[in-house]
Amino acid sequence: MFLGHYGVAFAAKRLAPRTSLGALTFAAEFLDELWPILLLLGVEQVRIVPGLMTMSPLDFIYYPFSHSLVTAIVWGTLIGGAYFLLRRYGRGAWIVAVLVVSHWFLDVPVHRPDLPIWPGASSPKVGWGWWNSIAITYILEFTIYAAGISAYVRATRARDRIGSWGLLVYIVVLAILFVASNGSPPPSERALAWTALGIWLFVPWAWWVDKHREYVGRVAIRVARPTTF
Ligand SMILES: [Zn+2]
C-alpha cells in the first residue's frame, strides 16, 4: 500500500491535534522508510520480477526487520516512546505508535503472502494479494487517501498560502507518484532502493504544511462561520 498510509496519517491529526502531520506521516510510513535503508545496507532483499503481480513487480524475498508484525510492534513502541520523551504528549505518542503498526495491517490486503509475523524462517507469511487487481487497488488506496484528506482539511484551516497551496501540491504529487509507480518496473534493485528513499521527503514537507495550518476541530468551524457574514 502507498497512498493509504498517507491517508491514515492525515486522519490521525483529528485524534492527536497537537502532533504534527510530519510526525504522523513519518510513523504511518516508517516501515517503508526503513526498508530502502535496509536494502542498501544489504540486510534485506528484494527482487524485481516483471509481471509478478498486476500492480507490483516486487518479490519481497527477505524483509523481516522492516515488515514483520513483531518488529513493527517493536518499532512502534520505540518510536512512540521516543516521541513521548521529546514532546510529553501521551495521546500523540500512542497515536504515533499505533500508526507505525497500522502500516503492517494495511499492507496485508495488497501484498502476496510475503509478510512475516516474526523474523525467522519458521514464521508464517500473510497477504491477500489484492495487488493483482488494478480496480481493487485503486479503489482501496484512493478511498483511504480521500477520507484521510477530508478529515484533515475539515479539522484544520490554512493560515497562509503554504498551508493551502503547499498542501494541495503535496496531495497531488503523492497521487501522481502512486500512479507513476505502477508503470514500467525499476531498472534495478539498487535503483529501486535509492528511489524509494525519496519518500523521506514527504516527512518534512508534511511538517512544513502542517505548521502553516491551525487545528480548528469540528465545533470551532461551526462557531466561526456566523461571524464571517
Ligand atoms: Zn510497506
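A few notes on this one:
- Around Leu115: net Lys/Arg minus Asp/Glu count, Cβ-Cβ under 15 Å: -3
- Chymotrypsin sites (Phe, Trp or Tyr not before Pro) restricted to DSSP loop in segment 97-162 with at most 15 other C-beta within 10 Å: Trp128
- Per-residue [θ]222 nm for the chain (sum of -39500 (n - 2.57) over DSSP H runs n ≥ 4, rounded to 500): -18500 deg cm²/dmol
- Cβ-Cβ FRET estimate between Ile176 and Leu15, R0 fixed at 22 Å, reported to 0.05: 0.20
- Sorting 25-33, 190-198, 51-59, 116-124 by average packing, meaning the other beta carbons within 10 Å per residue, from highest down gives 25-33, 51-59, 190-198, 116-124.
- Other residues within the sphere of radius under 14 Å centred on the Cβ of Arg190, judged by their own Cβ, net out at -1 (K and R +1, D and E -1).
- Computed lengthening from Ser184 to Ile117, 0.36 nm per intervening residue step minus Cα-Cα distance: 21.1 nm
- Listed residue (Pro113, Ile37, Trp94) projecting farthest to the positive dipole end of the chain, Cβ model: Trp94
- Around the Cα centre of the chain, unit charges on the Cβ atoms of Lys, Arg, Asp and Glu (plus for the first two, minus for the last two) sum to a dipole of about 1200 debye.
- Local electrostatic count at Trp208 - Lys and Arg +1, Asp and Glu -1, tallied over other residues with Cβ under 14 Å: +2
We did not get these values from a lab; they are worked out from the coordinates using the rules stated. Since we're looking at a predicted model, the values are computed, not measured. All Cβ positions, glycine included, derive from the backbone under ideal geometry; neighbour counts span all protein chains shown.
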